[in-house]
There are 2 protein chains.
Amino acid sequence: MQIGFVLYPDVTALDAVGPYEVLSRIPGVHAVFVGQARGPVTAQHGLTLGVQLTFGEAPALDVLCVPGGPGQTQCMENQELLAFLRRQAETARWMTAVCTGSLILGAAGLLQGYRATSHWRYVECLAELGAIPVSKRIVADQNRVTAAGVSAGIDLGLFLAGLLAGERVAQTIQLQMEYDPQPPFRCGSPELADPDLVESLITGSQRLFGERCEQVRRIGAALRAESAGSLGTAP
Amino acid sequence: MQIGFVLYPDVTALDAVGPYEVLSRIPGVHAVFVGQARGPVTAQHGLTLGVQLTFGEAPALDVLCVPGGPGQTQCMENQELLAFLRRQAETARWMTAVCTGSLILGAAGLLQGYRATSHWRYVECLAELGAIPVSKRIVADQNRVTAAGVSAGIDLGLFLAGLLAGERVAQTIQLQMEYDPQPPFRCGSPELADPDLVESLITGSQRLFGERCEQVRRIGAALRAESAGSLGTAP
């Protein structure tokens, strides 16, 4: 079984490495990292991660995972990446995304009519791309599985491992990874965090948020026009 | 502030990327990846991660983090790496390790007399290296901070972020990363897991475990001989 992870400049490393660390432990799974060009890409904050296969070289993958990160905005308009996702979606068993990676899936038109989640700050944006936003850590709808922000990719990995290889395998991996999380604070979601903390994060990211929303609206409008066009020309 | 992460062939990617994802978000922090040679190293299961500075090139770092992984056994006998760790320990504010990374710190003689933890399967081995094993997710003793297996590196990152930049910064990062973990199963530690599952993991890793124990005993004996020697020649 081949599981692909999309990499791009300014990806959030943990978005990809969380589910990779889980899924690559399933017996018989081969993990591959796919991107625009072979070689290193620099993730958010400077770590380099290696792309093994280009979008053109990648075979039909059983599972594809699209991570989020600041570079997601460029990805939303990368036609080669979007075409790759649409092509893979025709045959993949599971199309998945972590954090703002779901906005990329959405920009490819792959979440229209599907329930989906994203980072808590961006989950509502999914509606512009035709998805039904659901504020949950993991959302599965048919063969689309999406996860909330960054660290939620580990939970997504274990959820998928259960589906792909059975609960016993998933549990073995969870114990191997000693995934008995003990966050030092109770503030990992807007529901748990002090409203003051939530407010300051919202205020501090207002400009980036505005730009991302504007882009999502524009791409969403194009997707709707395209759908209307293809409906109009249907026999 | 410069925070270094040691990379080596067959490192467990999440051991390094978990704390990196947290610590690199602290304002003013620069994360660097240090290894034997510049360029890509292949982590466990195939992902490549980029080394930016060699052991010789790295400046004195404020914090150093040593991840674990199957390649830890080679690291335990890599004199260049061990000398690098000892050199950094003379000036670093915090010397840290995730998972079996603590065995590497121990092999460098840097945990003698310190309380420390490791992956649940290996924590008791620390005694051979002169440390006091403590079965906890995070163990801090003076300026040594160690974490349990793989995923515990995220908790270590947040704990350290609190020490380095204050609780408010750590909490902001936790909310940014949406770290409100919801593991699908209750089996992430030997205490929580079905005894049957623990037993099968122990049985399945018996050979590797035996080899690692044997190596740790041998290195521990050499460390004790060295300590006795230096005591003997003290003025």
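Check each of the trypsin sites (Lys or Arg not before Pro) in segment B:149-227 and keep only those in coil by DSSP with at most 16 other C-beta atoms within 10 angstrom; list them in order. Let's see the in-between values first.
Details: sites: B:Arg168, B:Arg186, B:Arg207, B:Arg212, B:Arg217, B:Arg218, B:Arg224; in loops: B:Arg186.
When the trypsin sites (Lys or Arg not before Pro) of segment B:149-227 are filtered for loop state and at most 16 Cβ neighbours within 10 Å, B:Arg186 remain.
Our note on the geometry: Cα centres of segment A:169-235 and segment A:32-77, 19 Å apart. Peptide A:34-40 has a mean of 1 when you count, residue by residue, the C-beta atoms of other protein chains within 10 Å of its C-beta. The protein assembly as shown gives an Rg/Rh value of 0.99, both radii derived from C-alpha positions and Rh following Kirkwood. The H on the amide N of B:Val11, modeled in the peptide plane, is under 5 Å from the matching H of B:Gln44, B:Gly71, each at least 5 residues off or on a different chain.
Using a probe of 1.4 angstrom, how much of the accessible area of segment A:132-213 is carbon and sulfur, in percent? Walk me through the numbers on the way to the answer.
Working: 1790 of 3410 Å².
Percent of accessible area from carbon and sulfur atoms in segment A:132-213: 53.
The relative contact order of segment A:41-121, computed from alpha carbon pairs under 8 Å that lie at least 6 residues apart in sequence, is 31 percent. Placing a label point 7 Å from Cα along the Cα-to-Cβ axis, B:Glu80 is separated from the same position in the other copies by 3.5 nm, shortest listed first. The accessible area of A:Val11, taken with all protein chains in place and a 1.4 Å probe, comes to roughly 0 Å². If the elastic network links every pair of Cα atoms under 10 Å, which of A:Ala225, A:Ala131, A:Ala83 fluctuates the most in the Gaussian network model of chain A? Among A:Ala225, A:Ala131, A:Ala83, the largest GNM mean-square fluctuation belongs to A:Ala225.
Sequence-ordered 3J(HN,Hα) estimates for segment B:58-66 from the Karplus curve with 6.51, -1.76 and 1.60 and θ = phi - 60° stand at 5, x, 5, 9, 6, 9, 10, 10, 10 Hz, glycine and proline given as x. Between copies, the label points of B:Ser200, set 7 Å from Cα on the Cα→Cβ line, lie 4.7 nm apart, reported in increasing order to one decimal in nanometres.
Counting Cβ atoms of other protein chains within 10 Å of each Cβ in A:45-54 and taking the mean gives 6. The largest accessible area among A:Phe209, A:Phe159, A:Phe33 belongs to the first residue in A:Phe159, A:Phe209, A:Phe33, and the rest follow in falling order (1.4 Å probe, all chains).
In percent, rounded to a whole number, the relative contact order of chain A is 18, using alpha-carbon pairs under 8 Å and six or more apart.
For A:Lys136, the solvent-accessible surface computed with a 1.4 Å probe is close to 120 Å², ligands and nucleic acids excluded. Sparse packing (at most 15 other Cβ atoms within 10 Å of the Cβ) combined with a DSSP loop state is found for the following GluC sites (Glu not before Pro) in segment A:76-131: A:Glu77, A:Glu90.
Counting from the shortest, the label point at B:Ala127, 7 Å from Cα toward Cβ, is 6.0 nm from the same position in each remaining copy. Sorting A:Asp194, B:Asp62 by solvent-accessible area of protein heavy atoms yields A:Asp194, B:Asp62, largest first, with a 1.4 Å probe.
Ignoring ligands, DNA and RNA, what accessible area per residue does chain B give at 1.4 Å, in Å²? Walk me through the intermediate numbers first.
Values: 8850 Å² over 235 residues.
I get 38 Å² per residue for this part.
What Kirkwood radius, in Å to one decimal, follows from the Cα pairs of segment A:1-132? Walk me through the numbers before you get to the answer.
On the way: mean 1/r = 0.0690 Å⁻¹.
Taking the inverse mean of 1/r over all distinct Cα pairs, segment A:1-132 comes out at 14.5 Å.
Quick check: with the 1.4 Å probe, what order do B:Val29, A:Val34 take by accessible area, largest first? Intermediate values should be presented prior to the final figure.
Details: B:Val29 25, A:Val34 0 Å².
If we order B:Val29, A:Val34 from most to least accessible, we get B:Val29, A:Val34.
Counting only other chain Cβ atoms within 10 Å of each residue's Cβ, the peptide A:12-23 averages 6.
Classification of segment B:91-235 by its C-alpha gyration tensor yields an oblate form. The axis ratio a/c (a ≥ b ≥ c) is 1.5 or more, and b/c is at least a/b. The GluC sites (Glu not before Pro) of segment B:145-235 meeting both criteria, a DSSP state outside H, G, I, E and B (loop) and at most 16 other C-beta atoms within 10 angstrom of the site's C-beta, are B:Glu191.
Take the accessible area of chain B alone and of chain A alone, subtract that of the pair, and you get about 5400 Å² summed over both chains, using a 1.4 Å probe.
The values are calculated or read from the model by the stated rules, or taken from the named source; none is laboratory data. This is a predicted model, so every value here is computed, not measured. Quick reminder, even Gly has a Cβ in these numbers, built from the backbone with ideal geometry, and neighbours come from all protein chains shown. The area values use the complete protein model at the heavy-atom level, side chains included, leaving out ligands, DNA and RNA. Shrake-Rupley method; radii C 1.70, N 1.55, O 1.52, S 1.80 Å.
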